[in-house]
Amino acid sequence: MKTNDTAEPSENKARVAYQTPQRIEGEEGLYWRGGQIYCRVRVDGKQTFRTTGTDKLPKARKVLAKWREDEVMRQHGIEPRAAAMERNRLSVAEVLREYKEEGFPDRKNRTKKTASTLKTETGHLLRLQAFFGARAAASLTLKDCDSFRRWRASGGYTWQAGEKTRKSKAGDRIVDLELQTFGNALALAVRQEKLKADPLAGRIRYHSEEDCCHAKDRAATVEQLQLITSKFRQKGEDVLADCVMFLGLSGLRVNEALPLSWEDVAWSQGVVHVRREKNGCNPFVPITAELGDLLRKMRERSKSFLLFPSADNPQRPLPYSTIATKFRKLTVKMELPRLCLHGLRSFFATSARESGLSDWVVGGLLGHRSGGILITRAYGQTREDHLQKQAQLVRFMIEAPQKNDAQPSTQAAAA
């Protein structure tokens, strides 16, 4: 007879689970069930059955006695030796696997994350697994964060792409994001009482906000935007040109704009319905005069139900990698300042602010739930030519100075 129910086939487990335990005469808390002895115990305040892993009565008595002894120790704040040993054996690989199975909860145990965030964190787990996987989670120290940073900066993470072995290097910002994911996984293990405390609590951040290149620092000007779109049209890539101009006139993120279809354009309501990322608000973009002109021209050229169909398959949207790669190569070839697609979102924010809209209104148009808090810091800027024009509107309440050739008044001469 098997002495461990975990070794039973799955169909036998299901059959045993529905069997009524039969109390063993003269044995308090011990029951027969499926050929094994179970004990009646309290777990998290609820009465339940736990297998003793044996069909021998003397051994079952010892298991039940040990269970009750450990429970008394826990009630008095003393951790059983077996629990301490189990915690010390917990590997980082098990911590990361549990974090993924639980749905990537953050430190507040929230699991509502976007698909792009889940994809990003899944990539983080691969790198963390490659470096920390075999380590015991309880043995981690803050020094290991420094080692992980050096490992990532030197290209220590490798993977196979066909027959080629590729290396991945990462800067301080990426390292901080990966360690943040690791911190979430360790926090989950602490909540589940698999770890006594987070061994990496209080770690420093390697990335400085001052060193961050925000979207506003890589935003295109009006002239640059017109030049880029005209170059794409000269090459016969109207879809790419339309997409670049649409991003600048709508303020959408790239992944919010690419899946749009003509059914999302509600001319009667004057909006384009969108699906915001990052749990954003206001799932629409107002059709301004310039955006309306662009959409009408796009509609005349369109041969697909999508606004930005792929050149290879008109039934599928333009891939992000395609427009990102061609946009980067074109700007480099034209010897323009370092620009990025996300900077077109900043182009919209800057134009809206210069038109007199408040940061809170601009934040709403961009779909920010935080309102205008991020506009000044991350997106909004004021162009120099606009500042010069606005400065000419300033009027100071100071009397005009006298001209050199002006004759003094009689009262002034008498004085």
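Key figures for this structure:
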| read-out | value |
| --- | --- |
| Of all residues making up the stretch 38-57, the number that are in a strand (DSSP E or B) and farther than 18 Å from Q22 by Cβ | 3 |
| Hey, R338 touching a residue at least 40 places away in the same chain (Cβ under 8 Å) and over 13 Å from L240 (Cβ atoms) or not | yes |
| Yes/no for I375 being under 29 Å from the mean Cα position of the chain (by Cα), at pLDDT 90 or above, surrounded by 17 or more Cβ atoms within 10 Å (Cβ to Cβ) and under 19 Å from L247 (Cα atoms) | no |
| Sole exception among (1) in contact (Cβ under 8 Å) with a residue 24 or more places away in the chain; (2) surrounded by 14 or more Cβ atoms within 10 Å (Cβ to Cβ); (3) closer than 25 Å to G103 by Cα for S116, by number | (2) |
| Filtered residues of the stretch 309-335 (kept if more than 11 Å from L240 (Cα to Cα), among the hydrophobic types (A, V, I, L, M, F, W, C) and part of a helix (DSSP H, G or I)) | L330, V332 |
| Spans of helices (runs of 4 or more DSSP H) in the stretch 232-308 with at least 2 residues under 23 Å from the mean Cα position of the chain (by Cα) and buried (at least 18 other Cβ atoms within 10 Å of the Cβ) | 238-250, 254-257 |
| Extreme residue, surrounded by the most Cβ atoms within 10 Å (Cβ to Cβ), among residues of the stretch 133-158 that are in contact with a Ser or Thr (Cβ under 9 Å, 6 or more places away or on another chain) and touching a residue at least 24 places away in the same chain (Cβ under 8 Å) | A137 |
| S139, sole failed condition from (1) at pLDDT 85 or above; (2) under 26 Å from the mean Cα position of the chain (by Cα) | (2) |
| Residues that are farther than 14 Å from N184 by Cβ and aliphatic (A, V, I, L, M), drawn from the stretch 104-133 | A115, L126, A130 |
| Test: L64 is surrounded by 12 or more Cβ atoms within 10 Å (Cβ to Cβ), modelled with pLDDT of 70 or more, more than 27 Å from E193 (Cβ to Cβ) and not acidic (D, E) | no |
| Matching residues, the stretch 150-168, being more than 17 Å from T120 (Cβ to Cβ) and outside any strand (DSSP E or B) | R150, W151, A153, S154, G155, G156, G162, E163 |
| L195 vs. criteria assigned by TED's automatic domain parsing to the domain that holds L125, within 23 Å of K100 (Cα to Cα), under 23 Å from the mean Cα position of the chain (by Cα) and buried (at least 16 other Cβ atoms within 10 Å of the Cβ) | no |
| Scope the stretch 160-173; condition touching a residue at least 12 places away in the same chain (Cβ under 8 Å) and either among the charged types (D, E, K, R) or surrounded by fewer than 18 Cβ atoms within 10 Å (Cβ to Cβ) (or both); matching residues | K167, S168, K169, G171, D172, R173 |
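The values are calculated or read from the model by the stated rules, or taken from the named source; none is laboratory data. Bear in mind the structure is a predicted one, so any value in this text is a computation, not a measurement. No Cβ is skipped: glycine too gets one built from the backbone with ideal geometry, and neighbour counts run over all protein chains shown.
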